[in-house]
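The values are calculated or read from the model by the stated rules, or taken from the named source; none is laboratory data. Note that this is a predicted model, so its numbers are computed, not measured. Ideal geometry is used to build each Cβ from the backbone, glycine not excepted, and the neighbour counts take in all protein chains shown.
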Amino acid sequence: MMSPLQIAQRTRLEQGLIQLNIVFTGEQITALLHYLDVLAQWNHHYNLTAIRDPLDMVARHLLDSLAVLPYLHAGCALDLGSGAGLPGIPLAIAQPTLQWVLLDSAGKKTRFLRHVISELNLRNVAVVQTRIEHYQPSQRFNTITARALADLMTLWQWTHAFCTTDAHLLALKGRCPDVELTALNTAGAHYQVHRLMVPDLNSERHLIDITCQGSNLT
């Protein structure tokens with residue numbers, strides 16, 4: 001039997017998915033809430049996220065990540081600086097046919113990610129522990145995500161070694177980063193700005209969709 005808090009979390013998640021126009025199975029919703037439960041447990045010891053209210057986690061972690069879902073591209077995806085698995089874990093649950101690599105340099109975070117993957121039996125997710133500038137993948141990625149990680153120019157430059165020629169970098173930001181976009185314009189980058197309307201989240205959220213300039217492996 002679910003506790004009142006679990007019922008409130010599930011209700012908020014289901015209502016948020018309706019507002020995002022996303023259809024999930026009951027198993028996927030259960031997996032998302034299980035992920036939050038494990039995150040909350042580990043957070044007591046490892047400080048993986050500053051968000052500690054279980055209901056706030058639904059909006060700030062799950063719905064905020066899932067708002068990116070319509071912008072994913074088929075193929076392989078890389079989550080840079082994945083941290084607690086955001087947005088990678090929710091998106092991997094949402095799209096089980098999409099193969100994900102979650103990259104982070106912190107041992108406590110990659111240990112958590114591996115535990116979550118095992119706990120949820122996510123067969124479409126792998127974890128790599130290394131610094132971004134040292135990462136040498138054996139494949140190229142069609143989608144690269146980054147959530148509050150670095151400025152746009154730095155992210156765009158990092159992706160050159162990771163992406164296919166038709167890949168997209170999806171950078172999640174709060175307010176529209178006008179100064180960073182000016183730098184991208186100067187460098188000749190091609191991008192689109194999408195304002196995300198995340199249910200139960202009052203702060204601004206923007207997705208910067210940048211066309212990458214990588215090359216296929218030879």
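Structure values in brief
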item	result
Qualifying residue in the range 60-79 (condition: of a type in the set (S, T, N, Q) and closer than 18 Å to GLU119 by Cα)	no
Test: residue in the range 125-147 that is over 25 Å from GLN95 (Cα atoms) and within 17 Å of the chain's Cα centre (by Cα)	no
Residue in the range 109-125 that is surrounded by the fewest Cβ atoms within 10 Å (Cβ to Cβ), counting only those that are under 12 Å from GLY85 (Cα atoms) and touching a Phe, Trp or Tyr at 6+ places or on another chain (Cβ under 7 Å)	VAL116
Only listed residue being more than 24 Å from GLN41 (Cα to Cα), out of contact with any Lys or Arg (no Cβ under 6 Å at 6 or more places or on another chain) and aliphatic (A, V, I, L, M), chosen from VAL193, VAL198, VAL125	VAL193
Index of the failed condition, HIS44 passing every other in (1) closer than 13 Å to VAL198 by Cα; (2) surrounded by fewer than 18 Cβ atoms within 10 Å (Cβ to Cβ)	(1)
Lone qualifier among VAL101, VAL68, VAL116, VAL128 - being among the β-branched types (Val, Ile, Thr) and more than 19 Å from THR159 (Cβ to Cβ)	VAL116
Filtered residue count, the range 1-48, keeping only those that are in a loop (DSSP other than H, G, I, E, B), within 25 Å of PRO70 (Cα to Cα) and in contact with a helix residue (DSSP H, G or I) (Cβ under 8 Å, 6 or more places away or on another chain)	4
The range 159-174: number of residues that are surrounded by 20 or more Cβ atoms within 10 Å (Cβ to Cβ) and within 18 Å of SER105 (Cβ to Cβ)	2
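Residues are listed down the side, and each one gets a yes or a no for (1) at pLDDT below 95; (2) within 25 Å of GLU204 (Cα to Cα):
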position	(1), (2)
THR11	no, yes
GLN15	no, yes
ILE18	no, yes
GLN41	yes, no
ILE51	yes, yes
ASP64	no, yes
